[in-house]
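See below for the structure under consideration.
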Amino acid sequence: MTRTLGTLARVTQSKMDDLCRKVADLEEKSAQLHKKIAELDACREREHLFSQSAPEYGFALEHYLQTTQKRKKETAETLQSLQKNVLLLRENLHTLFGEQKRYELLKERKLSEAQALREQQERSALDEISLVHWHRRASTPPPSNQNPASSRP
């Protein structure tokens with residue numbers, strides 16, 4: 001049973017490691033999307049300033065602003081989707097952690113029970129040896145220290 005619990009704990013740990021890697025990957029992608037949104041905002045601001053300094057390009061500004069707004073919205077939606085996935089993965093990770101902890105505690109309890117059983121068996125064996133030794137001593141007559149030659153009145 002202990003081997004099975006150890007195996008279950010290792011499998012659960014492996015699943016947790018996989019989920020941690022997935023969460024890290026998604027968080028990295030999320031950071032990249034945040035950076036992309038910031039870059040889009042910076043580009044919009046630069047283009048807006050450029051259109052003010054060169055009014056002849058102002059006709060293209062509206063189309064550019066609409067395009068960047070659309071990209072920003074799509075990126076924000078993707079980011080929101082990633083964040084939902086991260087939350088789901090973290091919930092799964094929390095569940096797996098609980099399972100692993102349960103397996104480890106159960107394994108620990110089984111090991112302590114086995115150790116207690118071994119100690120009890122060892123005590124019983126030692127008690128039996130002591131009891132046999134005591135019975136042998138009790139059934140053997142005590143040796144007499146009297147010498148027949150020295151027993152003169």
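What to note about this one:
- Eligible lysines near Lys15 by straight Cα distance, threshold 16 Å, same-chain separation 8 or greater: Lys101
- Each 10 Å bin from zero holds the following percent of Cα-Cα pairs in segment 2-125: 12, 23, 16, 14, 12, 9, 6, 4, 2, 1, 0.
- Full-extension gain in nm, Arg136 to Gln83, via 0.36 nm per residue minus C-alpha separation: 11.2 nm
- Whichever lysines have a C-alpha closer than 19 Å to that of Lys22, once near sequence neighbours (fewer than 8 apart) are set aside: Lys84
- Tensor-based shape of segment 49-117 (alpha-carbon gyration tensor, a/c under 1.5 rounded, otherwise prolate or oblate): prolate
- Shape call, segment 31-78: gyration tensor on alpha carbons, a/c limit 1.5: oblate
- When you restrict to C-alpha pairs under 8 Å that are six or more residues apart and normalise by the size of segment 2-125, the relative contact order lands at 52 percent.
- Estimated from helical segments only, the mean residue ellipticity of the chain at 222 nm is -33500 deg cm²/dmol, where each DSSP H run of four or more residues counts as -39500 (n - 2.57).
- Rounded tilt (10° steps) of 58-139 against the dominant C-alpha axis of the chain: 0 degrees
- Note on Lys29: aspartates and glutamates with a C-alpha under 16 Å away, same-chain residues under 8 apart excluded, are Glu39, Glu74, Glu77.
Where a number appears in this text, it was derived from the coordinates with a stated rule and is not lab data. Keep in mind that what you see is a predicted model, and the values were worked out from it rather than measured.
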